[in-house]
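Got a structure here, written out as structure tokens. Questions coming.
What follows draws every value from the coordinates through simple rules; no lab data is involved. On a predicted model such as this, the values are computed, not experimentally measured, just so you know. When we count neighbours, we look across all protein chains shown, and the Cβ atoms used for this are built from the backbone with ideal geometry, even at glycine.
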């Protein structure tokens, strides 16, 4: 999944659940569950640090969407939207991908079991055509992102 999808789903978890501990745990679980859906990725095993401009754009889009929703909603806990819980949801929804980054690019070997588990959840192996970043491979990303956006916007 692209990071925007994980950001929006984590924000949704944070907006819907009041206990920050549960937000953190459920956001990680949701990340892993979303990765079970077939999807493309714009980075693969051959990607280098110079390719991370794509990550930056993805993060900007995801954080901007959440910021606009918080701005529109007023961003207070009185209307049921806790900015702190939304932030926790986002951080922990990105954590599995961050651990993969730390393992792969900063050689943090102790994270290998997490990286291996994370990669085992994907339908297709990293580097195959089904994991390339293109429209037909990212329909689940689009659908999940739209559903998360609609729910976040329509929360009471």
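Pick out which of 46, 136, 115 has the largest mean-square fluctuation in a Gaussian network model of the chain, springs linking Cα atoms closer than 10 Å.
Comparing 46, 136, 115 in a Gaussian network model of the chain, the most mobile one is 46.
Among 35, 51, rank each residue by its count of other Cβ atoms within 10 Å, from fewest to most, as a rough exposure measure. Please report the intermediate quantities before stating the final value.
Working: 35 21, 51 12.
Result, fewest neighbours first: 51, 35.
In what order do 120, 145 fall by count of nearby beta-carbon atoms within 10 Å, going from fewest to most?
On the way: 120 10, 145 22.
Neighbour counts put them in this order, fewest first: 120, 145.
Still on this structure, I have one more. Report, to the nearest 10°, how far helix 53-73 tilts away from the longest principal axis of the Cα atoms in the chain, using its own Cα long axis and a range of 0 to 90°.
Helix 53-73 sits at roughly 10 degrees to that axis.
Related question: Show that you can apply the helix-only estimate: for the chain, add -39,500 (n - 2.57) for every DSSP H stretch of four or more residues, divide by all residues, and state [θ] at 222 nm to the nearest 500. Working shown, then result.
Working: 6 runs with 99 residues, N = 156.
After summing the helix terms and dividing by the residues of the chain, the value is -21000 deg cm²/dmol.
If you don't mind, there's one more thing I want to ask. Which one, (i) 41.2, 112; (ii) 15.5, 47; (iii) 18.3, 58, gives Rg and Dmax of the Cα atoms in Å as derived from the coordinates shown?
Here the calculated entry is (ii).
Moving on. Over what distance in Å are the Cα centres of segment 87-156 and segment 1-29 separated?
Segment 87-156 and segment 1-29 have Cα centres separated by 12 Å.
At 7 Å along the Cα-to-beta-carbon direction for both residue 71 and residue 107, put a label point, then send me their distance in nm to one decimal.
My value for the distance between the label points is 4.3 nm.
Nearest 10 degrees is fine. How inclined is helix 3-16 to the longest principal axis of the chain, computing both from alpha carbons?
30 degrees
At residue 52 and residue 142, where each label point lies 7 Å from the Cα along Cα→Cβ, what is the point-to-point distance in nanometres?
Taking the simple label geometry, residue 52 and residue 142 are separated by 3.0 nm.
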